[in-house]
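First comes the structure, then the notes that go with it.
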Amino acid sequence: MAQYTIISEGSPLDIIGGTGSFRYIVISGAMHLRQTKTETGFTGSEGVDWDDIDEYADSGGGVWRVGVRDLHWRLDCTITGIDFSGDENTDWENIAQFKL
């Protein structure tokens, strides 16, 4: 079973807990993983309160998702925006995965 969340420009995924917060956000087609700089004075401003940890290039479709599939945390991007049906084998490209 797979469970995903779609990430787009203006609709980030925030993961909050422990000593800091993390955010997956799409900026100019690329997926960024960010971490809060500090808890003190945090307002959520993209240019001030977040540090980039990693960046992943867009494979062409412009839609990103993060989630769990086959015991892996996965970061996928659509291959193309043309004739997109959501098929796992033809419409999504795995950009990064991490074993759980």
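Taken together, the values in this text are just the output of simple stated rules run on the coordinates, not laboratory data. Here the structure is a predicted model, which means the values were calculated and not measured. Methodologically, a virtual Cβ is constructed for each residue, glycine included, from the backbone with ideal geometry; neighbour enumeration extends over all protein chains shown.
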Original post:
How much length is gained on full extension from residue 96 to residue 43, taking 0.36 nm per residue of separation minus their Cα-Cα distance?
Top reply: 16.1 nm
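Quote the charge dipole size of the chain about the Cα centre in Debye, to the nearest 20; the model charges only the Cβ of Lys and Arg (+1) and of Asp and Glu (-1).
320
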Original post:
Sorted by mean Cβ packing within 10 Å, highest first, what order do the peptides 23-33, 65-75 take?
Top reply: 23-33, 65-75
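So for region 3-99, considering every pair of alpha-carbon atoms, how many percent are separated by more than 17 Å? Write out the running numbers ahead of the final one.
Numbers: 2408 of 4656 pairs.
That tail contains 52 percent of the Cα-Cα pairs.
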